[in-house]
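To start, the structure under review is shown below, and the notes come after it.
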Amino acid sequence: MSQYQSNYQNQKEKIIYGTEHIYEIFDFLFPGSNTAKLIKVHDAYAKNFPFKEILERLNMENGAPVVNIIGGKSGQDRNKLYAGIARACFNTDAVIIDNSITSGVEKHSMRKGLKLIGVAPDDEVQYPKVNSTYQDPYELCAGHTHLFLLNNKEQDLRWTQESLFKITLALRIAEGDYQYSGVYQRVVHVFVGDSPNYIDEIRLAIKFQQPIIVVPGSEVCNMIIQGVQSQNGVYRGLDSELVEYLTNYPQYFFMLLDTNSDEVAQYIHFFLTVTPYIQSTPILYQKKKQNQYDEEDQNDYNNDDDDYQQNQQQQQQRNKQQQKPQQQQQRQDQNQDPPEENP
């Protein structure tokens, strides 16, 4: 076998048995000369999916803050809202993630030179056509710098089935090179509710303890804001699971009462730079900490945690040190003669 044949065979085996068969990266050209990196994911649920490898190939391994748009879709006039999001992301070097179709944030991202990443099931979106007089509402939109189109080796994916991949991608981008730099960026969600595919992302955002900015305009967001503002806090017409999250985890929801660009920019800038209540260490590497004020955290605390064992060992050493003088005193008392009784 020649050297060329050997190298070809090794490369072929790598594609078949390595990580490259899970995804492919292409240069995608939109009509109008806009380009994007297209990542075709063949197995979105693969164990140990190579997020780090992909981000390195895309030159995004250093990490960045992330603004994730939940339920975005064309139809609402949100020009001021998306202008404010783009301004805040420009000032904080943040990345925007959405569902890859037209929402309105694209033109503002292009003006600011931002990274706009779209994530969608491959079979649920349409590729743009040259000189087409009709734009499909689920057509890939120019202005995206990166597109992740997801497939599964067992079945075709549908809307909402991309949510876990989308949130995990946001976490990986925010994590960056945390192991070396010690800096973990933050993730903020903007809930616009123009699309009905939102509940899974809301659930995951709460699970990872990340803030959700609720934007007025859509029916679901308006009902949330009305429920918060009502005296009795009753949410009418909402999905029962969403009502449960609003009732049990209100600390993660923030109502944006005005959609002007200044207000949303201030909200996002604050959440990406301050947010003291948000965990500052990455979820993917964080160990559970005991919280004496939170009974739920105490019940979920893992006794096998390294910090727990260390604290237990230190406590045992302190107890031993405290017991030594007492034991010495007891031995001395035992060795002393009993006191003489008066005749």
Total formal charge among the other residues, if their Cβ is under 15 angstrom from that of Ala86, Lys/Arg +1 and Asp/Glu -1 | +2
Residues in region 122-154 near a label at Leu29, defined as backbone nitrogen under 15 Å from the 7 Å Cα→Cβ point?
-> 128-131
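Given all pairs of different Cα atoms, what value in angstroms does the Kirkwood hydrodynamic radius of region 19-281 take?
Numbers: mean 1/r = 0.0532 Å⁻¹.
Taking every pair of different Cα atoms in region 19-281, averaging 1/r and inverting gives 18.8 Å.
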Which part of region 194-227 falls in the paramagnetic zone of Gln251, meaning amide N under 14 Å from the point 7 Å along Cα-to-beta-carbon?
-> 206-212
The ³J(HN,Hα) series, computed from each phi in region 159-166 with the Karplus coefficients 6.51, -1.76 and 1.60 at θ = phi - 60°, rounded to the nearest Hz and given as x for glycine or proline, is 3, 5, 7, 8, 4, 4, 4, 4
For region 202-214, what does the Karplus curve 6.51 cos²θ - 1.76 cosθ + 1.60, with θ = phi - 60°, yield as ³J(HN,Hα) per residue in whole Hz, taken in order and with x for Gly and Pro?
-> 4, 4, 5, 4, 5, 4, 8, 6, 10, x, 10, 8, 8
Would you mind putting 242-254, 115-127 in packing order, based on average other-beta-carbon counts within 10 Å, highest first?
-> 115-127, 242-254
Gained length - Tyr180 relative to Asp262, 0.36 nm times residue gap less alpha-carbon distance | 26.0 nm
Report, to two decimal places, the Cα Rg of region 122-272 normalised by 2.2 N^0.38 Å (N = number of residues).
-> 1.20
Dividing the mean separation of Cα pairs under 8 Å (6+ apart) by the residue count of region 19-281 yields a relative contact order in percent of 22
Could you give me the ³J(HN,Hα) list for region 50-58, computed from phi with Karplus coefficients 6.51, -1.76, 1.60 and θ = phi - 60°, whole Hz, x at Gly and Pro?
-> x, 4, 4, 4, 5, 5, 5, 5, 8
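If I take R0 = 41 Å and measure r between the Cβ atoms of Lys52 and Asn232 in this structure, what FRET efficiency does the formula 1/(1 + (r/R0)^6) give, to the nearest 0.05? Display every interim value, and only then the final one.
On the way: r = 48 Å, r/R0 = 1.18.
According to the calculation, E is roughly 0.25.
Regarding region 135-185, what whole-number volume in Å³ per residue does the convex hull of its Cα atoms give?
127
Rule-based calculations on the coordinates, nothing more; no lab input. Just so it is clear, the model here is predicted, and its values are computed rather than measured. We place every Cβ from the backbone using ideal geometry, glycine too, and count neighbours over all the protein chains shown.
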